[in-house]
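Remarks on the structure that follows.
The values are calculated or read from the model by the stated rules, or taken from the named source; none is laboratory data. These numbers were taken from a predicted model, which means no experiment stands behind them. Because the Cβ atoms are built from the backbone with ideal geometry, glycine has one as well, and the counts that use them run over all protein chains shown.
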Amino acid sequence: MYDDLCIIDDEYYFIRGCIELPVMDANGSFIWDDQHPCPETINLKTIVHTRPAGAAPYIELEPTEHPLALKQKNGISKDRIKQIAEELCQQDEQH
């Protein structure tokens, strides 16, 4: 029931959720749940929006100059999504 929650030392609280990035040159969103192709995300301030039971929370990043926050605000291109997918496939092949 709580597989997406993690509490460490009653001090650090983590929840698994989705960061949705609007796709600039198409309708819809790119759902981000892997930080590998972007710079460090530790300590980015967020707002977690809960959804109905069974749906992952929506994570809204605080507006900053972090590349992921900028993509959430301005969108991401289909070409960049393709590049991310290729990078992730290459990482999988190496493991």
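Here are some notes:
- Among (1) in contact (Cβ under 8 Å) with a residue 40 or more places away in the chain; (2) under 15 Å from the mean Cα position of the chain (by Cα); (3) within 19 Å of Met24 (Cα to Cα) - the single one Lys78 does not satisfy: (2)
- Segment 37-75 - residue that is assigned to a helix (DSSP H, G or I) and closer than 21 Å to Tyr13 by Cβ and, of those, farthest from the chain's Cα centre (by Cα): Ala69
- Leading residue by the ranking (surrounded by the most Cβ atoms within 10 Å (Cβ to Cβ)) among those in segment 40-85 that are touching a Phe, Trp or Tyr at 6+ places or on another chain (Cβ under 7 Å) and more than 20 Å from Asp4 (Cβ to Cβ): Ile76
- Just so you know, in segment 81-95 the residues that are among the aliphatic types (A, V, I, L, M) and in contact (Cβ under 8 Å) with a residue 40 or more places away in the chain include one that is farthest from Asn27 (Cα to Cα), and it is Leu88.
- On inspection, Asp25 does not qualify as modelled with pLDDT under 90, outside any loop (DSSP other than H, G, I, E, B) and surrounded by fewer than 16 Cβ atoms within 10 Å (Cβ to Cβ).
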